[in-house]
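S.K.: Below is a structure I'd like to ask you about.
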Amino acid sequence: MAASRMYLSISPHIKSKITTASIMLDVTISLLPATIAGCIIFGMRSLAVVAVCILASVASEYIFNLIVKKDQTIGDLSAVVTGLLLGLNLAANIPFWQAAIGSAFAIIIVKCIFGGLGCNVVNPAITARVFMLIAFGAMAKVAFPISVDAVSSATPLELIKNDATPSLVDLFLGKKGGAIGETCTLALIIGGIYLIARRVITWHIPVTMIATVFIFSFIIEDFSFISALSWTMSGGLFIGAIFMATDYVTSPSTPLGKIIFAFGAGFITVIIRFYGTYPEGVSFAILLMNIVNPYIETLTQRKLFGGREK
Amino acid sequence: MSFYLKGVHVPHLKRTSNLSAVKMTAPKYVSIPTSMHIGAPATPIVKVGDNVKVGTLIAEQNGYISSPVYSSISGTVTDISDMLLSNGKTAPIIKIESDGEMSIDESVSVPVVNNKEDVIEALKKSGIVGLGGAGFPTYVKFATDKPINELIINGAECEPYITSDTVTMVDRIDDIVYAIDILVKYIGIEKVIFAIEKNKPNAINTVKKALGGRKNIEIKVLPTLYPQGAEKVIIYHTTKKVVKIGELPIDVGCVVSNSSTIAEIGKYLKTGMPLIERCVTVDGNIVKDPKNVIAPIGTPLEEVFEFCGGFTDEPKKVLYGGPMMGIAVPYLTVPVLKNTNAVLAFSRNEAKVPKATACIKCNACANACPFGINPIVAAKALKTEDLAGLEKSGIELCMSCGCCSFACPAKRPIVQNNKIAKETLLKLRAKEAKA
């Protein structure tokens, strides 16, 4: 039994089966219901928009890594998630070139030049959405379901402001104007439950953020339950709260931190919706909370077991 | 203050849990290191050419925290030379070639114990150290003036594969009961807590049958969660007491001892035979016939594996201990030590270290840590050698249990980084104290 050369790595010698790619795959799967709903509501062009975003995201990362001579990282599927999320945040009628530019912006400007996955300060998809909202005007917002007539060329939030609210059932099923993936509340909830069940995310951020928006809308709308529900199910709240505010890199890690973060995001959303000039505030709210995240994180660290007395 | 100590669910893989320990045939030679415990290495008292028997003292205790070493076979001392050991220390290692007789030394006799001092003296002479892993000299734990409120017998055995404690509890419950009786009678222990993880029903049943219903003995079944058997964790989960950093368990009135250690104490008090052999779980994906083996201390691992049918594939990683905290060894000729509870062998596929990718800040590491350490904060502070940041991260508490590395989806070497961070913290603190 001659002694052959053996591995002398440090413990632990076993690792869990969860990998970065498996987490990203879970997120991708959880977004499929919303993608399918988007295709049904807004037509098959939605699928093309999403595909353009994914392809442009992955290609951007691939080319960036090639240029800066970094190891290829597209295998971790994070670019797929960014592309998919951004695609779902765009209108089905957006020109493809705009979708591609938005994706390249998300990957290169927001993620890669900060050092790649895990080093970005703000969420790439949400920042790209805000970027496109500003750069291409309303283009990132206007869309209308193929089954509904032209009245819906305004989004529900604009309609609510004009007292022309779609029915709650339509809001829940997504038969309303908006971005491809944000309108069908039902599909988003299914995705959220999948992510929580797979332990990719915890309930703290989505539940707190959605509840905060609901409660403040309820108060501002003179305690009208129906109005508050309409506000909650409109716009990008569910997709934002479930899929974008929960981004690991840009949200706190402890339950308390998550609740503070999500409360802040929900509160800012309400402020922008009711008192701001933009009809929708979810993206801005999450973006602002992304920026204060390091402070929340520092202030809400877990209690040490048997640590030194301070 | 109450805590919820986290951990990770590791695969159990306890295939040998129902296999009683088998005594292996005497090895052709043994290499017995003089440092198999925490503390100063023992001093060799034999010379090359000396004849020794089973139980002959070959190296004597050197200082308070140290432990004597006895020969595990009968034969001739053929070499005494310094060697690098798995714990990173260099210490003399005594090689003894067997005469095949296994004759027992005349000095082996049943110790007479009539009071606490006698028990301590016996434990000191027995060469018994913590058999669960750390190898802390057992007598030191009991030689205390502080009151012992609880003696916690640690039968958690939370590492994958390892079952040597389980089968020792089942096979040698008589030794355990004998030891408990004497320790309670003479040392002055208020309460004994026997803690076993839930996934060991045979051990739980055996212990309940032997000790259930006794006054001052509590049998506690703990949930299966790694690292349940870690000292501070098991103290908290059995008594709700928190051992703070810099404190010893005795500072909160506890002594924790592995169940196999207790069995060994019983055996010594009954027979006077010092610690010269131990139960070792032999397993891993390429071991032909996984077993629990009673091996003389100093037996080369290759002989232990051969006794279990050898390998089905080329061994590429061989461990002392379990896969979560075990130490990878460079050669198959390294010996079984006093604290070797398992030896595991793995093929190339299992041995490979996955490639580390970028940290995605998912905090799986911090969420897995039983002590609430945040390795991400520690890593950041380490980069800039920021003492305040290192202190805040809690890295000083790290016991290298491996939960963080296990949980990390990016497969980053977090434990390794933690060890560097911890050392850097101590270095920076010493520097600051000097300034």
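The values are calculated or read from the model by the stated rules, or taken from the named source; none is laboratory data. These numbers come from a predicted model, not from an experiment. When we count neighbours, we look across all protein chains shown, and the Cβ atoms used for this are built from the backbone with ideal geometry, even at glycine.
S.K.: Sort out which residues of segment A:197-212 are crowded, with 18+ Cβ neighbours inside 10 Å and either hydrophobic (A, V, I, L, M, F, W, C) or in a loop (DSSP other than H, G, I, E, B) (or both), and write them in order of number.
M.R.: A:VAL200, A:ILE201, A:ILE205, A:MET209, A:ILE210
S.K.: While we're on this one: Got a number for residues in segment B:333-354 being facing chain A (nearest Cβ under 9 Å) and either of a type outside the set (A, V, I, L, M) or more than 20 Å from the chain's Cα centre (by Cα) (or both)?
M.R.: Of the residues in segment B:333-354, 8 are facing chain A (nearest Cβ under 9 Å) and either of a type outside the set (A, V, I, L, M) or more than 20 Å from the chain's Cα centre (by Cα) (or both).
S.K.: Within segment B:252-261, is there a residue that is within 14 Å of another protein chain (Cβ to nearest Cβ), at pLDDT 95 or above and not in a strand (DSSP E or B)?
M.R.: Yes; the residues of segment B:252-261 include at least one that is within 14 Å of another protein chain (Cβ to nearest Cβ), at pLDDT 95 or above and not in a strand (DSSP E or B).
S.K.: Could you please tell me which pairs satisfy a Cβ distance under 6 Å, a separation of 6+ or placement on different chains, a first residue in segment A:73-91 that is free of Cβ contacts under 8 Å to residues at least 24 places away in the same chain, and a second residue that is among the hydroxyl-bearing types (Ser, Thr, Tyr)?
M.R.: What qualifies is A:ILE74/A:TYR62.
S.K.: If you go through segment B:382-418 one residue at a time, how many are in a helix (DSSP H, G or I) and either more than 8 Å from chain A (Cβ to nearest Cβ) or in contact with a strand residue (DSSP E or B) (Cβ under 9 Å, 6 or more places away or on another chain) (or both)?
M.R.: Adding up the residues that qualify gives 15.
S.K.: Another question about this same structure. What's the number of the only condition in (1) within 14 Å of another protein chain (Cβ to nearest Cβ); (2) crowded, with 18+ Cβ neighbours inside 10 Å that B:GLU247 fails to meet?
M.R.: (2)
S.K.: Hey, does segment A:53-72 have a residue that's within 15 Å of the chain's Cα centre (by Cα) and away from chain B (no Cβ under 11 Å)?
M.R.: yes
S.K.: What is the number of the single condition among (1) in contact (Cβ under 8 Å) with a residue 60 or more places away in the chain; (2) buried (at least 21 other Cβ atoms within 10 Å of the Cβ); (3) among the β-branched types (Val, Ile, Thr) that B:VAL207 does not meet?
M.R.: (1)
S.K.: Still on this model: Kindly list the number of the only condition in (1) buried (at least 24 other Cβ atoms within 10 Å of the Cβ); (2) under 20 Å from the mean Cα position of the chain (by Cα) that fails for B:LEU183.
M.R.: Failing condition for B:LEU183: (2).
S.K.: Only one residue in B:PRO315, B:PRO323 is within 16 Å of the chain's Cα centre (by Cα), farther than 18 Å from B:LEU85 by Cα, within 12 Å of another protein chain (Cβ to nearest Cβ) and crowded, with 24+ Cβ neighbours inside 10 Å. Which one?
M.R.: Within the list B:PRO315, B:PRO323, the selection yields B:PRO323.
S.K.: Further question: Would you check if there is a residue in segment A:11-34 being away from chain B (no Cβ under 14 Å), basic (Lys, Arg) and in a loop (DSSP other than H, G, I, E, B)?
M.R.: no
S.K.: Can you name every residue in segment A:255-310 that is farther than 15 Å from A:ILE126 by Cβ, out of contact with any Phe, Trp or Tyr (no Cβ under 6 Å at 6 or more places or on another chain), of a type in the set (Phe, Trp, Tyr) and within 14 Å of chain B (Cβ to nearest Cβ)?
M.R.: Passing the criteria: only A:TYR295.
S.K.: Moving on to the next point. Among (1) out of contact with any Pro (no Cβ under 7 Å at 6 or more places or on another chain); (2) under 19 Å from A:ARG129 (Cα atoms), there is one condition A:THR82 misses while meeting the rest; what is its number?
M.R.: Just one mismatch for A:THR82, condition (1).
S.K.: Okay, next question. Within segment A:279-297, can you find the residues that are among the hydroxyl-bearing types (Ser, Thr, Tyr) and exposed (fewer than 13 other Cβ atoms within 10 Å of the Cβ)?
M.R.: Passing the criteria: only A:TYR295.
S.K.: Answer yes or no as to whether B:ALA21 is in contact with a Cys (Cβ under 9 Å, 6 or more places away or on another chain), at negative phi, away from chain A (no Cβ under 14 Å) and not basic (Lys, Arg).
M.R.: Taking the combined requirement at face value, the residue satisfies it.
S.K.: Next up: Looking for whichever is closer than 30 Å to B:LEU332 by Cα and among the hydrophobic types (A, V, I, L, M, F, W, C) here; the options are A:LEU32, A:LEU8. Which one fits?
M.R.: Exactly one of A:LEU32, A:LEU8 is closer than 30 Å to B:LEU332 by Cα and among the hydrophobic types (A, V, I, L, M, F, W, C), namely A:LEU8.
S.K.: Quick check: is even one residue across segment A:71-81 in a helix (DSSP H, G or I), at pLDDT 95 or above and surrounded by fewer than 24 Cβ atoms within 10 Å (Cβ to Cβ)?
M.R.: Scanning segment A:71-81 turns up at least one residue that is in a helix (DSSP H, G or I), at pLDDT 95 or above and surrounded by fewer than 24 Cβ atoms within 10 Å (Cβ to Cβ).
S.K.: Okay, next question. With the checklist (1) assigned to a loop (DSSP other than H, G, I, E, B); (2) buried (at least 19 other Cβ atoms within 10 Å of the Cβ); (3) touching a Phe, Trp or Tyr at 6+ places or on another chain (Cβ under 8 Å) in hand, flag the one item B:VAL242 doesn't pass.
M.R.: Failing condition for B:VAL242: (2).
S.K.: All but one of (1) touching a Gly at 6+ places or on another chain (Cβ under 8 Å); (2) modelled with pLDDT of 95 or more; (3) of a type outside the set (Val, Ile, Thr) hold for B:CYS408; state the number of the condition that does not hold.
M.R.: All conditions are met except number (1).
S.K.: Here are some conditions: (1) more than 14 Å from chain B (Cβ to nearest Cβ); (2) farther than 26 Å from A:THR183 by Cα. A:GLY83 meets all but one. Which one does it not meet?
M.R.: Only one criterion in (1) more than 14 Å from chain B (Cβ to nearest Cβ); (2) farther than 26 Å from A:THR183 by Cα is unmet by A:GLY83, namely (2).
S.K.: Now for a separate question. Name the single residue that is modelled with the lowest pLDDT among those in segment A:273-310 being outside any helix (DSSP H, G or I) and polar (S, T, N, Q).
M.R.: A:THR277
S.K.: Among the residues of segment B:142-189, which ones are of a type in the set (D, E, K, R) and assigned to a helix (DSSP H, G or I)?
M.R.: Once the filter is applied, which keeps residues that are of a type in the set (D, E, K, R) and assigned to a helix (DSSP H, G or I), segment B:142-189 yields B:ASP165, B:ASP171, B:ASP174, B:ASP175, B:ASP181, B:LYS185.
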